[in-house]
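**Student:** Structure below; questions to follow.
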Amino acid sequence: MTKQLQGVMAPVVTTFTSDGALDLEAFRANVRAHLAAGMDGVVLCGSTGENPLVLDDERRALIEVARSEVPESKWLIVATGAESTRQVFSRNADAARLGADAALVVSPHYYTPNMTIDVLRAHYTAVADHAPLPILVYNIPKYTHFVFPPALIGDLAGHKNVIGMKDSSGDLELLKQYLVHQSDTFAVMTGSGQALAEGMAAGARGGILAVSLFAPALCRATYDAMKADDTASAAKSQATLFPMAKEIVGVMGVPAVKVAIDRVGLHGGPLRGPLLPLGTDGVARVEALLAEAGLIVGATA
């Protein structure tokens, strides 16, 4: 693969109609908008994309639409993690057949007490051995309820089919433990919009950031400033990003992210059950945070 795993990528939401079906045209419009805003790629069906709530045939439809919009120069990554190793095989085969560039694989976590380092090693090694496309490991303790062992990253980083990882822990010291294993063939991306600048200062090659879905210019500015060693400018844009990433993404989650996307003129739309829409107070807080950052048209910070 010629392109480098770096930059700022958008973990796109999955758009639904009011009756719960996929809204593929809204999805297409969002993908176009994210790329036009300067994103280096998109990630489908991740945590922000309501991953556990999307059926496999829907995932295939989303990949097809995205592939028709994402140029070869940018990344199309599909989250394919599942509780069953065999199901990951199947999802990876679909993703490769439909043109994805790489797969983002979250740890199995339903049987949490059994997810020892040996179990995880066996799972990821089998996935990497069988996958017809490159693999990224996904660490998100908020949802898996355990931290991906840094020692295991050391093992997996040497696999020819494992090209990187996304760390959404928000723990800078943990990120540094993963970064020890970064190389020319293994890139570490942060998933923390609260600490993109800090993560890059530590060595991360960019971020896959939910906050970029509604604040792409601030994410781009932070990334570009860090690449240029302009830490003062990066700190300024990072400070504006911080409250939105912390509250909208980190505290309120997908319902709030979809409201924020709607408010900046893109397509957030309905959630899929069991998720419920944000309450009135939550919507007001999202709008206030966006206004403070100058992201709502006509609003004053």
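No lab work stands behind these numbers, since they all come straight from the coordinates. Keep in mind that this is a model prediction, so the values were computed, not measured. Because the Cβ atoms are built from the backbone with ideal geometry, glycine has one as well, and the counts that use them run over all protein chains shown.
**Student:** So which residue, out of Gly207, Gly81, Gly158, gets the largest mean-square fluctuation from a GNM of the chain using Cα contacts under 10 Å as springs?
**Tutor:** Looking only at Gly207, Gly81, Gly158, the largest GNM fluctuation is found for Gly158.
**Student:** May I ask which of Lys236/Lys258; Lys160/Lys236; Lys160/Lys258; Lys3/Lys176 have a Cα-Cα span longer than 27 Å here?
**Tutor:** Details: Lys236/Lys258 25 Å; Lys160/Lys236 38 Å; Lys160/Lys258 37 Å; Lys3/Lys176 24 Å.
Too far apart for the 27 Å limit: Lys160/Lys236; Lys160/Lys258.
**Student:** Subtracting the Cα-Cα distance from 0.36 nm times the residue separation, let me have the gained length for Asp57 to Ala151 in nm, one decimal. Write down the numbers at each step before the final one.
**Tutor:** Values: separation 94, 0.36 × 94 = 33.84 nm, distance 3.53 nm.
Extra length available between Asp57 and Ala151 comes to 30.3 nm.
**Student:** Distance from the Cα centre of segment 114-128 to that of segment 214-281, in angstrom?
**Tutor:** Segment 114-128 and segment 214-281 have Cα centres separated by 33 Å.
**Student:** On to the next question. Counting only C-alpha contacts under 8 Å and six or more residues apart, can you give the relative contact order of segment 7-228 as a whole percent? Present the calculation step by step, with values, prior to reporting the outcome.
**Tutor:** Details: 418 pairs, mean separation 41.0, N = 222.
The normalised contact order for segment 7-228 reaches 18 percent.
**Student:** Only four residue types carry charge here, +1 at the Cβ of Lys and Arg and -1 at the Cβ of Asp and Glu. Report the dipole size of the chain about the Cα centre in Debye, rounded to the nearest 20.
**Tutor:** Values: 24 positive and 30 negative charges, 42 e Å.
I would put it at about 200 debye.
**Student:** Separate question: Using mean Cβ contacts within 10 Å as the protection proxy, how do 111-121, 43-53, 66-76, 128-138 order, highest first?
**Tutor:** 43-53, 128-138, 66-76, 111-121
**Student:** With a ≥ b ≥ c the root eigenvalues of the C-alpha gyration tensor of segment 7-228, is it rounded (a/c under 1.5), prolate (a/b larger than b/c) or oblate? Walk me through the numbers before you get to the answer.
**Tutor:** Numbers: a/c = 1.59, a/b = 1.10, b/c = 1.45.
It is oblate, given that a/c is not under 1.5 and a/b is not larger than b/c.
**Student:** So what are segment 101-226's ellipsoid semi-axes, whole angstrom, largest first, if each one is the square root of 5 times an eigenvalue of the alpha-carbon gyration tensor? Kindly include the intermediate steps, with their values, before the conclusion.
**Tutor:** Numbers: eigenvalues 120, 49, 37 Å².
For segment 101-226, the ellipsoid semi-axes come out as 24, 16, 14 Å.
**Student:** Given a Förster distance of 30 Å, report the FRET efficiency between Glu25 and Tyr143 from their Cβ-Cβ distance, rounded to the nearest 0.05.
**Tutor:** On the way: r = 29 Å, r/R0 = 0.97.
Computed FRET efficiency for Glu25 and Tyr143 comes out at 0.55.
**Student:** Here's something else I'd like to know. Once label points are set 7 Å from the Cα along Cα→Cβ at both Thr280 and Tyr110, what is their separation, rounded to one decimal in nm?
**Tutor:** Taking the two extended label points, one gets 4.0 nm.
**Student:** With the crude spin-label approximation of a point 7 Å out along Cα→Cβ, what separation in nm comes out for Val264 versus Ala288?
**Tutor:** It is 2.0 nm.
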